[in-house]
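In what follows, a structure is listed as structure tokens, so that the remarks can point back to it.
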Amino acid sequence: MPAFAIRFKRRLIQAPKFYFFDVGVTAELARRGTVEPGPELFGKAFEHFIFHEISAHSSYAGMFYPITYLRTSSGFEVDFVLDNKVAIEVKSTTSANSRHQKGLRALKEEYPTKYSILVSCDPTPRQTEEGIQILPWETFLNRLWSGKII
């Protein structure tokens, strides 16, 4: 996945980010065993899952929108930027808080997006005072596939 390429005040990391098509094969080769909620491995698998849903939506909906990511040299990151309009951060937590939104806030400061969304395992959707939507993954996917995100 290519890096976000819009001009930014902060220095951006321009290296591409890689996602495997089938994380099951990778897990088996690495002998990782079952992925359980909680550890870092679950977070990586959760992000992969959301990436594959976004990628499938882009293709199946016939929209073919670009999917990029943002990472600055100072450590701010946004997992996905869809069509330079929708910023998405993915966290496997069940209680998303302010520190999980750092990258989304940094992007909003320099580049206005239509939506800023934190996808998590939270039980209920909510919106912050800054306009960042915190969505349970099921709610996010329902909105994505029904055309309400992009």
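The values are calculated or read from the model by the stated rules, or taken from the named source; none is laboratory data. Computed from a predicted structure; not experimentally measured. For neighbour counting, all protein chains shown are included, and Cβ atoms are generated from backbone atoms with ideal geometry for every residue, glycine included.
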Exercise. Which ones in the range 56-74 are closer than 24 Å to ALA96 by Cα and at pLDDT 90 or above?
Worked result: ILE67, THR68, TYR69
Exercise. Any idea which residue in the range 80-134 is farthest from the chain's Cα centre (by Cα), counting only those that are buried (at least 18 other Cβ atoms within 10 Å of the Cβ), among the charged types (D, E, K, R) and under 22 Å from ALA3 (Cβ atoms)?
Worked result: LYS91
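Just need a number here: residues in the range 103-136 that are charged (D, E, K, R) and in contact with an Asp or Glu (Cβ under 8 Å, 6 or more places away or on another chain).
The initial filter retains those residues of the range 103-136 that are charged (D, E, K, R), namely 105, 108-110, 114, 122, 126, 129-130.
Next cut, in contact with an Asp or Glu (Cβ under 8 Å, 6 or more places away or on another chain) only: 105, 108.
Residues meeting the conditions: 2.
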For this session: Would you check which residues across the range 125-150 are out of contact with any Pro (no Cβ under 7 Å at 6 or more places or on another chain), within 20 Å of HIS52 (Cα to Cα) and of a type in the set (Ser, Thr, Tyr) and list them?
Result: SER146
Problem set entry | Identity of the residue in the range 106-127, in a loop (DSSP other than H, G, I, E, B) and among the charged types (D, E, K, R), that ends up nearest to THR68 (Cα to Cα) | LYS114
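Scan the range 128-147 for residues that are in contact (Cβ under 8 Å) with a residue 24 or more places away in the chain and assigned to a loop (DSSP other than H, G, I, E, B) and jot them down.
Going through the range 128-147, the residues in contact (Cβ under 8 Å) with a residue 24 or more places away in the chain turn out to be 128, 130, 132, 134, 137, 140-141, 144-145, 147.
Selection gives THR128, GLU130, ILE132, GLY147.
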Exercise. Counting only residues that are under 21 Å from ARG71 (Cβ atoms) and out of contact with any helix residue (DSSP H, G or I) (no Cβ under 9 Å at 6 or more places or on another chain), which one in the range 18-51 is modelled with the highest pLDDT?
Worked result: PHE51
Exercise. When the range 42-79 is examined, which residues are found to be surrounded by fewer than 18 Cβ atoms within 10 Å (Cβ to Cβ), within 17 Å of TRP145 (Cβ to Cβ) and aromatic (Phe, Trp, Tyr)?
Worked result: PHE49, TYR60, PHE64, TYR65
Exercise. Residues that are without any contact (Cβ under 8 Å) to a residue 60 or more places away in the chain: which strands (runs of 3 or more DSSP E) entirely in the range 62-105 hold 1 or more of them?
Worked result: 77-82, 86-90
